[in-house]
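I have placed the structure first, in the form of C-alpha cells, so that the comments after it can refer back to it.
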Amino acid sequence: MRRKPVEQLVAEGGQGEGGALKRSLTMWQLTMISIGATLGTGIFVVLGEATPLAGPAVAISFVIAGLTALFSALSYAELAGSIPVSGSSYSYSYATMGEVIAWICGWCLVLEYGVSVAAVAVGWGEYLNELLDGTIGVTIPEAVSAPLGEGGFINLPALVVILLAMVFLMGGAKESARVNTIMVVIKIATLVLFCAIGFMGIKAGNYAPLAPLGVTGISAAAATLFFSYIGFDAASTAGEEAKNPKKDLPRAIMLSLLIVTVLYCLVALVAVGAMPWQDFEGTEAALAQIMKDVTGHSFWGVVLAAGAVVAIASVVFAVLYGQTRILFAMSRDGLVPKVFARVNERTGTPKANVVIVSLFCGVLAAFIPLGELANATSIGTLFAFALVNVAVVILRYKRPEMPRTFRVALFPVTPIFGFAFCAYMMFSLPGKTWVYFGGWMVAGLVIYFFYGLRRSSLATAEK
C-alpha cells in the first residue's frame, strides 16, 4: 500500500534509462492525439455491432457512453493538471491509493491501450478490403484477412497497420504528432462528408420503432459503444512530452471529448436514418455501404473507405503511443522490466518499448476476433476510469493545498457520478467478458507479487 509522493512523480518526469523524453507537444497536438486515439473504430466498425442491440436509439447509446466518459474526463483533467506525467491513471493511483492499486490500474491500461490497438487494427482490414474492391476490383483472401474463428487463419492487414505505426513512432514524439494531426484532419473531413451525403438518404420510417429492444438494448449498446470513447485520455499519457502540461493537458482532454461526442451523435443519427437498423447486423463497413446506397455510385463508398483506412490507422497510431508511455512510467517505477524505460538519445523515444508493444499487439490483432477484444477492452477501461474518479476525491481531501490548473465542478458529486456510471456500464457487459477480465486480473496480480512487489523503486529504496 506504499504510495509515491506527487512531488517525486513530477520530479522524475521525462527521465528514462540512458536518456530523457523531449518536451515538444503543443495543446493542439495533444488534442489531436486524444482525437486520434478516440475517433475511428467506434463509429466506423463498432457501430455495426451496437445498432442491432439498440435499433435507431443507438444515438442515445452514444450519449450515455459519452456522459460516462465526460464524468471521468473531468476527473482526468484535474489530475492531469496536478500530476502531469506519462503514467495517466496508473500514476494518479500510485499517488493516492498505493502500489498494488496502481499496478491493477496499470494492468487495466495495458488492456485498454495495448489490446484496443489490436481490436482497432482488426477493423482496419474491413475498410481496406472495401477500398481495394472499389478501386482495383480485388479483395484480400479471407484466409489471410480474418482471425481464427471468423473464417481465416491470420489477419494480415491488422498486423501490417500496427507495424507501420511502429515505424512512425520510432521517429520521435514531435514527428509522430505531425503525422497524427494530418490523419485526424482527414478522418474528421471524411465523417463530415458522410453526414452531408447520408442526410439526403434519410427516411423518417427508419427511426421507428425507436428502441425495438427497450432500455436493456440501449444499455447493452452503450456498454459496447463505450469502446468508442477509449482514448480521450491519451493526452494524459503525453504529460512528460508536453510543453506546458499543467494547462494544456486539461484543455486537450475536454476539447477532444467534445469534438468526438458531437461527431459520433451526428453520424449515428444520419446512419440509422439512411439504412434500416436491421441491416447493420454482421457488417463492419456500414458507413461505406450507406454512401453507396444513397448515391447509387460506388465512388463515394470508395472515398469513405479511404477515409476510414486513414482514420482507423490513426487510432492504432495514437493508442499505441499511449501504451508505450504508460509502460515507460511503470518501468521507471520498477514494476515492469527496465527495457521499457530505455530512451534513445537521438530521437528521445523509448524504441525498445515501441517494438515490444507493437509485436505483442500485432500477434493479438492477427489471431483474436474483434468482438471479444472490444468488450474486454471496455471493461478494463471502465475499471481504470472508476479508479481515477476515486483518486481525484482522495487527492482533494489529502492534499487540498496542491495547485490545480483545473478543478472538477460540483465536487464531490461529479466524481461520485463518474464512478457510478462506470460501475453501471461494467455490469451491462456480458458474463463472458467478466470471465476474461477476471482471468486478466489474476494473471496481473501473479506478475505483481512475483516480480513488481520486490523490484519496485519504492521497495528498493526501503532496503
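The values are calculated or read from the model by the stated rules, or taken from the named source; none is laboratory data. Predicted model only: the values in this text are computed from it and were never measured. Here the Cβ is made from the backbone with ideal geometry for all residues, glycine too, and neighbour counts use every protein chain on show. Heads up: the accessible areas ignore ligands, DNA and RNA and are worked out on the full protein's heavy atoms, side chains in. Shrake-Rupley method; radii C 1.70, N 1.55, O 1.52, S 1.80 Å.
Residue by residue, here is whether (1) open to solvent by less than 70 Å² (accessible area, probe 1.4 Å); (2) touching a residue at least 24 places away in the same chain (Cβ under 8 Å); (3) farther than 25 Å from VAL161 by Cα; (4) assigned to a strand (DSSP E or B) holds:
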{"site": "LEU210", "(1), (2), (3), (4)": "no, yes, yes, no"}
{"site": "ILE218", "(1), (2), (3), (4)": "yes, yes, yes, no"}
{"site": "MET254", "(1), (2), (3), (4)": "yes, yes, yes, no"}
{"site": "ASP279", "(1), (2), (3), (4)": "no, no, yes, no"}
{"site": "ALA288", "(1), (2), (3), (4)": "yes, yes, no, no"}
{"site": "LYS292", "(1), (2), (3), (4)": "yes, no, yes, no"}
{"site": "ALA306", "(1), (2), (3), (4)": "yes, yes, no, no"}
{"site": "VAL310", "(1), (2), (3), (4)": "yes, yes, no, no"}
| query | Mind checking which residues of segment 313-342 are open to solvent by 10 Å² or more (accessible area, probe 1.4 Å) and among the aliphatic types (A, V, I, L, M)? | reply | ALA313, LEU327, VAL336, VAL339
| remark: Within segment 392-408, the residues that are assigned to a helix (DSSP H, G or I) and either open to solvent by 50 Å² or more (accessible area, probe 1.4 Å) or among the aromatic types (Phe, Trp, Tyr) (or both) are TYR397, LYS398
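A quick yes/no check of all residues on (1) of a type in the set (A, V, I, L, M); (2) within 17 Å of ALA274 (Cα to Cα):
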| position | (1), (2) |
| --- | --- |
| SER34 | no, no |
| ALA37 | yes, no |
| PHE44 | no, yes |
| LEU47 | yes, yes |
| VAL58 | yes, yes |
| VAL63 | yes, no |
| LEU67 | yes, no |
| LEU74 | yes, no |
| ALA77 | yes, no |
| task | Return the only residue of ALA288, ALA305 being at pLDDT below 85 and under 21 Å from VAL58 (Cα atoms). | result | ALA288
| Taking the stated definitions as given, is THR261 of a type in the set (Val, Ile, Thr), part of a helix (DSSP H, G or I) and within 21 Å of TRP124 (Cβ to Cβ)? | no
| request: Just give me the residues in segment 383-431 being basic (Lys, Arg) and either over 23 Å from ARG251 (Cβ atoms) or more than 24 Å from the chain's Cα centre (by Cα) (or both), in sequence order. | output: ARG396, LYS398, ARG399, ARG404
| task | Identify, from the list LYS187, LYS246, the residue that is of a type in the set (Lys, Arg) and within 27 Å of ALA271 (Cβ to Cβ). | result | LYS187
| task | Could you please find all residues in segment 23-65 being in contact with a strand residue (DSSP E or B) (Cβ under 7 Å, 6 or more places away or on another chain) and within 17 Å of LEU255 (Cα to Cα)? | result | LEU25, LEU30
| Of everything in segment 312-354 that's in a loop (DSSP other than H, G, I, E, B) and within 27 Å of ILE186 (Cα to Cα), which residue is modelled with the highest pLDDT? | THR349
| task | Give segment 160-177 a look and list any residue that's in contact (Cβ under 8 Å) with a residue 60 or more places away in the chain and either open to solvent by 40 Å² or more (accessible area, probe 1.4 Å) or not in a helix (DSSP H, G or I) (or both), or say none. | result | LEU163, LEU164, PHE168, MET170, GLY171, GLY172, LYS174
| task | Restricting attention to segment 414-440, report how many residues are at pLDDT 90 or above, surrounded by 15 or more Cβ atoms within 10 Å (Cβ to Cβ), farther than 18 Å from LEU225 by Cβ and not polar (S, T, N, Q). | result | 4
